[in-house]
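The values are calculated or read from the model by the stated rules, or taken from the named source; none is laboratory data. These figures come from a predicted structure and were not determined experimentally. FYI the Cβ positions are ideal-geometry reconstructions off the backbone, even for glycines, and counts take in every protein chain you see.
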Amino acid sequence: MEDSLLVTLLISTTVVVGISAQVLARFLQIPSIVFLLLFGIALGSSGLGLLEPSRLGSGLEVIVSLAIALILFEGGLNFQIRELNSVSVSLRNLVTVGVLITLLGGAIAAHELSQFPWAIAFLYASLVVVTGPTVVTPLLKLIGVEQRVATLLEGEGILIDPIGAIVAVIVLNIVLSQHEVPLVLVGTAIPLFLLKGLSLRLGIGVALGVSAGSLLSLLLKQSKFLPQELKNLVVLAAVWGAFSLAQALRSESGLLVAVLMGVILRAATIPEERLIRQFNEQLGILANSILFVLLAADLSIASLFALGWKSVLTVLTLMLVVRPINILLSTWEQSFSWKQRCLLAWIAPRGIVAASMASLFAISLTGRDVEVMIQGCKLAL
């Protein structure tokens with residue numbers, strides 16, 4: 001009974017703290033992530049110690065997965081395809097070539113500046129590939145930018161989250177591979193492994209996302225069959241059901257399912273669309289609040305400082321070198337002004353998907369003989 005009470009207090013406190021941070025952020029006109037992180041750190045292991053996410057055990061992974069599904073679905077639901085005509089080529093480049101640039105540039109920076117072994121350097125780079133609509137969208141609302149720039153940034157944040165998460169999981173699987181290190185890393189093994197894993201997960205995600213989104217749209221249009229008071233709950237059940245099915249077939253393929261379901265539902269112009277979007281926006285705010293507070297509470301400030309100035313230089317390299325190169329190549333000959341390119345290069349915050357994946361990876365790496373594998377990878381390269 002005592003353990004269940006502690007978990008209950010943990011979850012309820014997290015919700016109270018998270019929503020309080022949202023209210024305070026709205027009142028002061030400051031991005032909510034600032035207060036969510038500050039409150040989480042202050043009450044977590046590096047602060048007062050009132051929030052201990054480790055008490056949730058494997059439940060933390062469940063909460064993270066289901067909350068991310070809601071966040072990505074809500075992002076897709078607010079995504080308007082018809083606005084992409086003017087930025088479609090640049091957006092395609094950002095989620096394809098841009099991913100490769102960030103992966104390679106981030107890995108090189110982490111290896112050369114932070115002295116990470118190549119395996120961990122690529123793992124780190126795979127985590128920072130994504131941006132994130134949960135941070136990008138509020139920032140754009142505050143600063144106010146041209147519609148074309150805003151569309152590209154929001155589109156990148158929504159579409160790159162599932163792609164980046166899939167790449168990160170594949171890289172993690174390579175790092176944790178039980179095969180002989182030289183066989184995994186030499187020759188074309190890694191590119192083929194990445195391509196196979198990415199293609200399989202994207203295929204499952206597209207197939208299930210399009211199918212589930214289309215069926216859900218048809219169901220919601222049958223107003224006589226489905227009562228109004230059940231529509232929001234049907235949407236929630238459908239998103240979680242399709243997401244879980246995709247996850248059961250192949251890990252992280254459910255992220256793309258959630259995004260595509262939202263996009264298709266928005267394009268279908270269903271009745272009472274505004275009410276459904278409002279409901280899912282509220283769920284998205286709740287999910288963001290819980291995740292950011294829990295993950296910040298689990299953050300060790302001492303470990304952060306132990307990384308030293310070299311890690312700061314790694315982050316600055318990502319911001320001031322890798323991201324500008326990414327934007328320059330992705331928007332080449334696409335009629336963006338230099339002022340617009342500078343703004344695009346400057347706005348690339350990492351959202352809740354990157355933070356959540358990093359936390360889940362830390363759980364996966366805990367208790368494994370990672371150092372032995374790391375040294376083997378380092379010697380092989």
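From the list I174, I166, I158, exactly one residue is under 20 Å from S251 (Cα atoms) and in contact with an Asp or Glu (Cβ under 8 Å, 6 or more places away or on another chain). Which is it?
After applying the criteria, what remains is I166.
Being assigned to a helix (DSSP H, G or I), surrounded by fewer than 20 Cβ atoms within 10 Å (Cβ to Cβ) and of a type in the set (A, V, I, L, M, F, W, C) is the filter here; which residues of the stretch 22-40 pass it? Explain how you work it out, then say what you get.
Just the residues of the stretch 22-40 that are assigned to a helix (DSSP H, G or I), to begin with: 22-28, 32-40.
Filter once more, keeping what is surrounded by fewer than 20 Cβ atoms within 10 Å (Cβ to Cβ): 22-28, 34, 37-38.
Matches in the stretch 22-40: V23, L24, A25, F27, L28, V34, L37, L38.
Hey, which of the helices (runs of 4 or more DSSP H) in the stretch 68-139, taking only ones fully inside, have at least 3 residues that are within 29 Å of L36 (Cβ to Cβ)?
On the way: elements: 88-94, 97-112, 118-127.
Here the list reads 97-112, 118-127.
Which of the residues belonging to the stretch 257-291 are touching a Ser or Thr at 6+ places or on another chain (Cβ under 7 Å), crowded, with 17+ Cβ neighbours inside 10 Å and either farther than 30 Å from L43 by Cα or hydrophobic (A, V, I, L, M, F, W, C) (or both)? Step through it out loud before you land on a result.
Taking the stretch 257-291 and keeping what is touching a Ser or Thr at 6+ places or on another chain (Cβ under 7 Å), we get 264-265, 268, 270-271, 288, 290-291.
In the following step, the residues that additionally are crowded, with 17+ Cβ neighbours inside 10 Å were identified as 264-265, 270, 288, 290-291.
Once the filter is applied, which keeps residues that are touching a Ser or Thr at 6+ places or on another chain (Cβ under 7 Å), crowded, with 17+ Cβ neighbours inside 10 Å and either farther than 30 Å from L43 by Cα or hydrophobic (A, V, I, L, M, F, W, C) (or both), the stretch 257-291 yields I264, L265, I270, I290, L291.
Given the criterion under 27 Å from R148 (Cα atoms) and without any contact (Cβ under 8 Å) to a residue 60 or more places away in the chain, identify the matching residue among N78, N85. Quick ask: steps written out before the conclusion?
Values: N78 fails: without any contact (Cβ under 8 Å) to a residue 60 or more places away in the chain.
From the options N78, N85, the qualifying one is N85.
Within the stretch 46-75, restricting attention to residues that are among the polar types (S, T, N, Q) and surrounded by fewer than 19 Cβ atoms within 10 Å (Cβ to Cβ), which residue is nearest to the chain's Cα centre (by Cα)? Talk me through it step by step, then tell me what you get.
Kept after step one, since they are among the polar types (S, T, N, Q), are these residues of the stretch 46-75: 46, 54, 58, 65.
Checking the rest, the ones that are also surrounded by fewer than 19 Cβ atoms within 10 Å (Cβ to Cβ) come to 46, 54, 58.
Working: S46: 24, S54: 21, S58: 20 Å.
Out of the qualifying residues, it is S58.
Pairs needed: first member in the stretch 220-235, of a type in the set (D, E, K, R) and at pLDDT 80 or above; second member anywhere, surrounded by 10 or more Cβ atoms within 10 Å (Cβ to Cβ) and assigned to a helix (DSSP H, G or I); C-beta distance under 8 Å; at least 6 residues apart or different chains.
These pairs meet every condition: K231/L220; K231/L275; K231/I276.
State all residues of the stretch 292-343 that are of a type in the set (G, A, S) and either loosely packed, with under 13 Cβ neighbours inside 10 Å or touching a Ser or Thr at 6+ places or on another chain (Cβ under 8 Å) (or both); if no residue qualifies, say none.
If the condition is that a residue be of a type in the set (G, A, S) and either loosely packed, with under 13 Cβ neighbours inside 10 Å or touching a Ser or Thr at 6+ places or on another chain (Cβ under 8 Å) (or both), then A297, S300, A302, S303, A306, G308, S311, S330, S335, S337 are the ones that fit.
With the requirement that a residue be crowded, with 17+ Cβ neighbours inside 10 Å and hydrophobic (A, V, I, L, M, F, W, C), what does the stretch 237-248 give you?
Pass one, the stretch 237-248, residues crowded, with 17+ Cβ neighbours inside 10 Å: 238-240, 242-243, 246-247.
Listed by number, the residues that qualify are A238, V239, W240, A242, F243, A246.
Residues checked against (1) in contact with a His (Cβ under 9 Å, 6 or more places away or on another chain); (2) at pLDDT below 85; (3) of a type in the set (K, R); (4) within 30 Å of L60 (Cα to Cα):
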{"site": "N280", "(1), (2), (3), (4)": "no, no, no, yes"}
{"site": "V293", "(1), (2), (3), (4)": "no, no, no, yes"}
{"site": "S303", "(1), (2), (3), (4)": "no, yes, no, yes"}
{"site": "A306", "(1), (2), (3), (4)": "no, yes, no, yes"}
{"site": "S330", "(1), (2), (3), (4)": "no, no, no, no"}
{"site": "Q334", "(1), (2), (3), (4)": "no, yes, no, no"}
{"site": "A345", "(1), (2), (3), (4)": "no, no, no, no"}
{"site": "I352", "(1), (2), (3), (4)": "no, yes, no, yes"}
{"site": "E371", "(1), (2), (3), (4)": "no, yes, no, yes"}
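Mind listing whichever residues of the stretch 26-66 are aromatic (F, W, Y) and under 19 Å from S12 (Cβ atoms)?
We begin by selecting, within the stretch 26-66, every residue aromatic (F, W, Y); these are 27, 35, 39.
Scanning the stretch 26-66 gives F35, F39.
Counting only residues that are surrounded by 12 or more Cβ atoms within 10 Å (Cβ to Cβ) and assigned to a helix (DSSP H, G or I), how many does the stretch 195-233 have? Let's see the steps before the verdict.
Pass one, the stretch 195-233, residues surrounded by 12 or more Cβ atoms within 10 Å (Cβ to Cβ): 195, 197-198, 200-217, 219-221, 223, 226, 231-232.
Restricting the remaining residues to those that are assigned to a helix (DSSP H, G or I) gives 195, 197-198, 200-217, 219-221, 231-232.
Result for the stretch 195-233: 26.
Would you confirm whether any residue within the stretch 331-352 is farther than 30 Å from V259 by Cα and part of a helix (DSSP H, G or I)?
Checking the stretch 331-352: at least one residue is farther than 30 Å from V259 by Cα and part of a helix (DSSP H, G or I).
Hey, among the residues in the stretch 247-283 that are outside any helix (DSSP H, G or I) and either among the small types (G, A, S) or free of Cβ contacts under 8 Å to residues at least 12 places away in the same chain (or both), which one's farthest from K196 (Cα to Cα)? Can you show your working first?
Residues of the stretch 247-283 outside any helix (DSSP H, G or I): 250-252, 268-272.
Among the residues that remain, those that are also either among the small types (G, A, S) or free of Cβ contacts under 8 Å to residues at least 12 places away in the same chain (or both) are: 251, 268-269.
Numbers: S251: 14, A268: 32, T269: 35 Å.
The qualifying residue farthest from K196 (Cα to Cα) is T269.
Going residue by residue through the stretch 287-309, is there one that turns out to be of a type in the set (S, T, N, Q), more than 22 Å from G132 (Cα to Cα) and either assigned to a helix (DSSP H, G or I) or touching a helix residue (DSSP H, G or I) at 6+ places or on another chain (Cβ under 6 Å) (or both)? Lay out the reasoning, then the answer.
Going residue by residue through the stretch 287-309, those that are of a type in the set (S, T, N, Q) are 288-289, 300, 303.
Now drop any that are not more than 22 Å from G132 (Cα to Cα), which leaves 300, 303.
This time we only want the ones that are either assigned to a helix (DSSP H, G or I) or touching a helix residue (DSSP H, G or I) at 6+ places or on another chain (Cβ under 6 Å) (or both), so: 303.
Within the stretch 287-309 (the criterion being of a type in the set (S, T, N, Q), more than 22 Å from G132 (Cα to Cα) and either assigned to a helix (DSSP H, G or I) or touching a helix residue (DSSP H, G or I) at 6+ places or on another chain (Cβ under 6 Å) (or both)), the answer is yes, since at least one residue qualifies.
Which numbered condition in (1) free of Cβ contacts under 8 Å to residues at least 24 places away in the same chain; (2) farther than 28 Å from G164 by Cβ; (3) surrounded by fewer than 15 Cβ atoms within 10 Å (Cβ to Cβ); (4) not charged (D, E, K, R) is the only one that L100 fails?
(2)
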